[in-house]
Amino acid sequence: MKFIADFHIHSKYSRATSRNTDLENLDKWAKIKGIKVLGTGDFTHPEWFKNLKEKLTPAEPGLYKLRGSDSEIRFILTSEISCIYSKGGRVRKIHIVVLAPSLEIVEKINVHLSWIGNLKADGRPILGLDAKELVKIILGISKDCLIVPAHIWTPWFSLFGSKSGFDSIEECFEDHSKYIFALETGLSSDPPMNWRLSALDRITLISNSDAHSPQKIGREANVFDTELSYPAIIEAIKSKNPQKLLYTIEFFPQEGKYHHDGHRDCEINLSPQESKKYNNICPVCGRPLTIGVLNRVGKLADRPEGFKPEKVIPFKSLVPLNEIIAESLGVNTGTKQGEIEYKNLIKNFGNELKILLEVPRKDLEAATLPEIAEGVIRVREGKVYITPGFDGVFGKIRIFSRGEQRVLSKQGTLF
């Protein structure tokens, strides 16, 4: 069975998340986006875990659905944990995503972790725990859990982050490195950037939205062709089998908010080559730059740009549909006109990812404005211009040159 899965999201109990991020809205937006299997996020939070127990009922092995609903959306039990600790004379801040096979296993995990830190404080709890020790605890409770280091290149909170990470999986997890089968690339990197590290050849690269609101789910995701069950999903990831994990859905990495180096306050956005000229010091304020993902990958890479290993999972880079519509119409996202066009397309074709990935040009042109149809096709073909993101500022996507949308619109009216 072919389906799309997004494992890493957050609930309303995490900081800086939408208050309407509850199970009902997640189920609703999973349908709109085209996500079949959605992570619950935040299973360590007591109130959210109570919600999960009350509102979910078992479906296929290891998967859940909304109780009393005929929804086809399936939930998989996931949570992100922040490990902040000292190692090697430095403070380390590593975010880990955990996938678990049952509510019973999650309950045992939560009891154990509650002895270490305050799980009520945040949906993504902060534990003063070595990441290696977290692996030991989780797998000691159930070997069926999957441990995935999150957004591995983000400067501040990740495995390879320039501010608080490590230079290798082994440096972080030591003898437990053999239990790390997958890494999450994050919004600011894509598979080709990660292929430059031979040390990651054994690893399966997966992509997730890290959504803080229901509308953001599916902006990155994973496309499977396997049995719909927890064991089948985990086996597909661990085996790195391109017949079962068909491809990942990616942001264009430049759009991620940590792709380039820079200083947000000083509005300084620099490529690695430009940063080197300034010795990684901000030319405005004289403080160290926040070193971004592109620079950090280059530091650790042992292969040139463009290198492709033999056994890799393919990928497709996309831009969210609401952004394409806004760019096509020359308006900001969230406008009434943009929402009308978005709802019209969903009504016609079923879900967003189907529109972005599969719907033929002629069908798009028959259902929407010519400039929107052209925008979808250009993104699908990778014909975009991007000002890279830096130091917490998302990159800016451009699909059309100035005024080009109006020309397309006139042509559509003419024909």
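Tabulated results
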item: Those residues of segment 91-104 which are of a type in the set (Gly, Ala, Ser) and surrounded by 23 or more Cβ atoms within 10 Å (Cβ to Cβ), in sequence order; result: Ala100
item: Residue list for segment 2-51, filter: out of contact with any Lys or Arg (no Cβ under 9 Å at 6 or more places or on another chain), of a type in the set (Gly, Ala, Ser) and either part of a loop (DSSP other than H, G, I, E, B) or not assigned by TED's automatic domain parsing to the domain that holds Gly186 (or both); result: Ser11, Ala16
item: Answer from Ile105, Ile96 - the residue that is of a type in the set (A, V, I, L, M, F, W, C) and over 23 Å from Thr17 (Cβ atoms); result: Ile105
item: Filter result for Lys257 (in contact (Cβ under 8 Å) with a residue 12 or more places away in the chain, surrounded by 13 or more Cβ atoms within 10 Å (Cβ to Cβ), outside any loop (DSSP other than H, G, I, E, B) and of a type outside the set (S, T, N, Q)); result: no
item: Some residue of segment 128-138 being in a helix (DSSP H, G or I), touching a residue at least 12 places away in the same chain (Cβ under 8 Å) and small (Gly, Ala, Ser); result: yes
item: Verdict on Gly88 being exposed (fewer than 15 other Cβ atoms within 10 Å of the Cβ), touching a residue at least 60 places away in the same chain (Cβ under 8 Å) and of a type outside the set (A, V, I, L, M, F, W, C); result: yes
item: 2 or more residues of a type in the set (A, V, I, L, M, F, W, C) and within 18 Å of the chain's Cα centre (by Cα): qualifying helices (runs of 4 or more DSSP H) within segment 164-239; result: 230-239
item: Test for Leu329: is it touching a residue at least 24 places away in the same chain (Cβ under 8 Å), over 24 Å from the mean Cα position of the chain (by Cα) and surrounded by 17 or more Cβ atoms within 10 Å (Cβ to Cβ); result: yes
item: Some residue of segment 72-79 being assigned by TED's automatic domain parsing to the domain that holds Ser142 and in contact with a helix residue (DSSP H, G or I) (Cβ under 6 Å, 6 or more places away or on another chain); result: yes
item: Cross-chain or 6+ apart pairs with Cβ under 6 Å, segment 51-68 first and closer than 18 Å to His10 by Cβ, then among the charged types (D, E, K, R); result: Lys55/Arg67
item: Some residue of segment 78-95 being at pLDDT 95 or above and farther than 28 Å from Gly165 by Cβ; result: no
item: Test set (1) closer than 25 Å to Ile203 by Cβ; (2) among the β-branched types (Val, Ile, Thr); (3) out of contact with any Lys or Arg (no Cβ under 6 Å at 6 or more places or on another chain) - Ile141 fails condition number; result: (3)
item: Cβ pairs under 6 Å, 6+ apart, first in segment 333-360 and free of Cβ contacts under 8 Å to residues at least 60 places away in the same chain and farther than 17 Å from Tyr247 by Cβ, second charged (D, E, K, R) and surrounded by fewer than 16 Cβ atoms within 10 Å (Cβ to Cβ); result: none
item: Test: residue in segment 41-63 that is among the acidic types (Asp, Glu) and under 19 Å from the mean Cα position of the chain (by Cα); result: yes
item: Members of segment 210-251 found to be under 23 Å from Leu23 (Cβ atoms) and among the basic types (Lys, Arg), listed by number; result: Lys216, Arg219
item: Count of segment 260-289 residues which are among the basic types (Lys, Arg), exposed (fewer than 13 other Cβ atoms within 10 Å of the Cβ) and in a loop (DSSP other than H, G, I, E, B); result: 1
item: Residue among Leu356, Leu364 that alone is aliphatic (A, V, I, L, M), part of a helix (DSSP H, G or I), at pLDDT 95 or above and more than 22 Å from Glu220 (Cβ to Cβ); result: Leu364
item: Members of segment 242-254 found to be surrounded by 17 or more Cβ atoms within 10 Å (Cβ to Cβ) and of a type outside the set (Ser, Thr, Tyr), listed by number; result: Lys244, Leu245, Leu246, Ile249, Glu250, Phe251, Phe252, Pro253, Gln254
item: From Ala301, Ala221, residue being touching a helix residue (DSSP H, G or I) at 6+ places or on another chain (Cβ under 9 Å) and in the same structural domain as Asp6 (by TED's automatic domain parsing); result: Ala221
item: So Ile84, is it in contact with a Leu (Cβ under 7 Å, 6 or more places away or on another chain) and in a strand (DSSP E or B); result: no
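The values are calculated or read from the model by the stated rules, or taken from the named source; none is laboratory data. Since the model is a prediction, treat every value here as computed from it, not as a measurement. Cβ sites come from the backbone with ideal geometry, for glycine too, and all protein chains shown count toward neighbours.
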